[in-house]
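Taking it in order: structure first as structure tokens, then the write-up.
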Amino acid sequence: MTVLVDSDCKTSAQSNPILRERGQREVFCGLTGIVWLHRKMQDAFFLIVGSRTCAHLMQSAAGVMIFAEPRFATAIIEERDLAGLADANEELDKTVQRLLARRPDIKLLFLVGSCPSEVIKLDLARAAQRLSKSFAPKVRILNYSGSGIETTFTQGEDACLASMVPELPEDKSGEPSLLVVGALADIVEDQFSRLFEQIGIPNVQFFPSRSADDLPPIGKNTSFLLAQPFLGETARLLETRGAQRLPAPFPLGVEGTTAWLKAAANAWGICQQKFDSVIEMPRARAEKSLERQRAALAGKSVFFFPDSQLEIPLARFLSREIGMRLTEVGTPYLHKIHLKEELELLPENTQLSEGQDVDRQLDRCRGVQPDISVCGLGLANPLEAEGLTTKWAIELVFTPIQGFEQAADLAELFARPLNRRMRLAV
Amino acid sequence: MQLAVWTYEGPPHVGAMRIATAMKDVHYVLHAPQGDTYADLLFTMIERRDARPPVTYTTFEARDLGADTAEIFKRAAKDAHDRFQPKAMIVGASCTAELIQDDPGGLAKALALPVPVIPLELPSYTRKENWGAAETFYQLTRTLVDRNAEKKSAKTGRPSCNILGPTALGFRHRDDVREISALLNQIGVDVNVIAPMNASAADITAIGAADFNVVLYPEIADTAARWLERELKQPFTKITPIGVGATHDFIAEVAALAGLETPQIGNAGNMPWWSRSIDSTYLTGKRTFIFGDATHAVAAARVASKELGFEVCGLGCYNREFARDVRAAAKLYDVEPLITDDYLAVESAIADAQPELVLGTQMERHIAKRLGIPCAVISAPVHVQDFPARYAPQMGFEGANVLFDTWVHPLVMGLEEHLLHMFRDDFEFNDDAGASHLGGHGASAQEPTPETDNVIRWDPAAEKELKKIPFFVRGKARRNTENYAAERRIQLISVDTLYDAKAHYGR
């Protein structure tokens, strides 16, 4: 069931055709973002208000179950909660009380909306306000929606961060400040902090921060760099609070990382010479280690099924720095403004697709017979069984891949499946 | 609302998927929002299936809710039929679609597809995965079965049965089916149809040709088997052949249903002798906590108690539908039955029982790891490790061999146990190193810190003496001593209190 809309539509920057489809989507909903967000924000807890399906998704999403008492849980809506919303609200309050009594370490609680909570119109914004009255200032209670009817996979992080923007304190210092937006692995954050400091940009803050007590202040003098391509709503809200987005490609690969850092350096008026001297070493290191991966990957073709919205920056990296051939680059959603710099770097006539009708897309993939198909966990083994080599897209979200030091690791994620195929003789 | 950290069962439509995915030419059209496709990866990743589950998700979005979600369903159903050409279709709603009440059954009927279309009503807010699987299998059977099928045995002269219950994503179903099929053949019973695993729609139609049904997994097949008994006069087996004793009983039950004399089985596998051999003496009275689905838990309790000589110190299940069986079994072992799907309640029950072995699901494996207790997995929910490459059934005589190995290996072995008692400070073999056979130096036991901040204190000498007790029984010794002291209002535990308590509780 595909509806083809303006299949010849061109992006303004480049002549890349976009195929827009709708039909069955083989992607996660926004709840899945909790899997990394709950680790990033160590004193936050995510309470999904949803169904047994949501709870089941959460324990299955990472491919295998993660066993530890996690900092997330599901308030499972039951039959009697559907009978009357008044009762559902009362039940929710009780559940939150029980949870907070059990976990006194929680400082920030997210009530996370799901498909069922949205459909029955359970007002979690109101619930968060109501509950905040009882638990403030010890616990801050926010809400956002991770529902599949509203969000796709990484958009859950966008919705979560967007819910925190109004909570960020006002920066009254009058000093210019830089904010890096989007959850990054701690090690990547530390590397970027060091680089910014050496470049001459002090006091760089990261959002989300590791602790709820440590929310970065923002104001008219705040500039921000998006570290992830899926933060449309968060960026919009930061802008309404006066912060300015520094347009840049995303920090994947040597080229992306250089341009991303440079966007900040330019805003701070750092001279080219200084900038070059700082990045010279890590950049050379990254280029050297990319050599080996390039040998394995150059000339190989790659097909992206939509997953995390990282597809376009990844395609740019694989094509320009590794020499791979792009076939179709699918993305769940294309944010043309935030991806403008990326789209300009893509080879001309790269076939983009937005949305999904999975059966048709599989037909196209089989037609193309790419050397590597980047896809979700539901598709990977079936495609392997058909003889196609695959790369799990989710690994690209759960692995530190940004920055100079990770550039070769990122390439290696694509080289490994091919390497494995070559080794095996069974 | 129920606060859930982990769930033992998925929603009922996942149960329906397990039926559809097990079968060959049945397609499931599920009215569902984006994201519900996560369920595909259960099959492709955990079970390593090499094909996508035969499920089409309609994938409606928020903006469709005001418009026409019914139209989206109709188009998806039509497209799915045209693309996959199934011999039968099942249609239904996931939890969200249930709320928007589009009536997938009615919509599909209006399409007038040229194959049987079976509507499913699986209430997501009251029911769970196993129930959904059972209901789906029942509805498929009811719709497709030929009630007037000629009995196969009339032609062949040999009794025949169906094997009902094995599904996709089932705990060792693949191997159980092979083991039990061979056993049935061995005793002279033909297998007519195995369903739903690897069955086609035509196979379901042919179910009526058997004389009786073998129900391997009551959680899945009980509803259908009861209906077949009522409508087609096919009796069904009630004994689950897990363990040597139960397998013998099962053979006798099958023989009775087949009208055969109970066959004498010469070789019942290694397990009986392995258990009687003196090396197994150290298994005697090991306190064992058992939790899983009702069928596997009850069966495991019998094996643990009668065939390995363990002591059952806890027994429970997560599926209330079969709680009655667990309650009855719990009486046999004089334990309080634990009927809950709350993972945290199970965790605290295990901590309280201080078992020496946990037989549970993957959830209990984690609990046991945290508490430093050996554990073996006996039941779904499944994990990628529950699909071993090798043949490893749970049922039949080979299954009993597998149980012996998997339950005994996590334990500290007899002589090692003695040596740990005698020479505690060996630099290589000690508490912190863990049991030497478990990958060498696995996780060391986390000693539970005393929860009570009451007045009982440990004299340093007694504390030191306690540390000389090997880790795998130290938790129990601490708990027993503290209970003993509390009952006697002893405020300071001395070395003597420790040994008094040991004498008091000594087994």
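The values are calculated or read from the model by the stated rules, or taken from the named source; none is laboratory data. What you see is a predicted model, and the numbers here were worked out from it, not measured in a lab. Quick reminder, even Gly has a Cβ in these numbers, built from the backbone with ideal geometry, and neighbours come from all protein chains shown. Calculation scope for accessible area: heavy atoms of the full protein, side chains included, ligands and nucleic acids excluded. Shrake-Rupley method; radii C 1.70, N 1.55, O 1.52, S 1.80 Å.
Some points to look at:
- Any helices (runs of 4 or more DSSP H) falling wholly within the range A:314-426 and containing at least 1 residues that are in contact (Cβ under 8 Å) with a residue 24 or more places away in the chain and either of a type in the set (D, E, K, R) or open to solvent by 50 Å² or more (accessible area, probe 1.4 Å) (or both): A:340-345, A:358-368, A:407-423
- Set side by side, the residues A:ALA284, A:ALA296, A:ALA315 differ, and just one is farther than 16 Å from A:LEU413 by Cβ and aliphatic (A, V, I, L, M), which is A:ALA284.
- Within the range B:1-31, tally of residues that are more than 8 Å from every other protein chain (Cβ to nearest Cβ) and small (Gly, Ala, Ser): 4
- Segments classed as helices (runs of 4 or more DSSP H), wholly inside the range A:65-178, with at least 2 members that are away from chain B (no Cβ under 13 Å): A:124-135, A:155-164
- Meeting the requirement of 1 or more residues that are open to solvent by less than 10 Å² (accessible area, probe 1.4 Å), the helices (runs of 4 or more DSSP H) wholly within the range B:145-229 are B:173-186, B:201-205.
- Within the range B:32-62, considering residues that are touching a residue at least 12 places away in the same chain (Cβ under 8 Å), in contact with an Asp or Glu (Cβ under 9 Å, 6 or more places away or on another chain) and among the aliphatic types (A, V, I, L, M), the one nearest to the other protein chains (Cβ to nearest Cβ): B:ILE46
- From A:ARG71, A:ARG80, A:ARG98, residue being within 21 Å of A:GLU157 (Cα to Cα) and open to solvent by 50 Å² or more (accessible area, probe 1.4 Å): A:ARG71
- Residue pairs whose Cβ atoms lie under 7 Å apart, sitting 6 or more positions apart in sequence or on different chains, and linking a residue in the range B:78-96 that is at the interface with another protein chain (Cβ under 8 Å from one of its Cβ atoms) to a partner that is among the small types (Gly, Ala, Ser), are B:SER94/B:ALA32; B:SER94/B:SER124; B:CYS95/A:SER51; B:CYS95/B:SER124; B:THR96/B:ALA32.
- Members of the range A:31-64 found to be at the interface with chain B (Cβ under 7 Å from one of its Cβ atoms) and either at pLDDT below 90 or in a strand (DSSP E or B) (or both), listed by number: A:GLN59, A:SER60, A:ALA61, A:GLY63, A:VAL64
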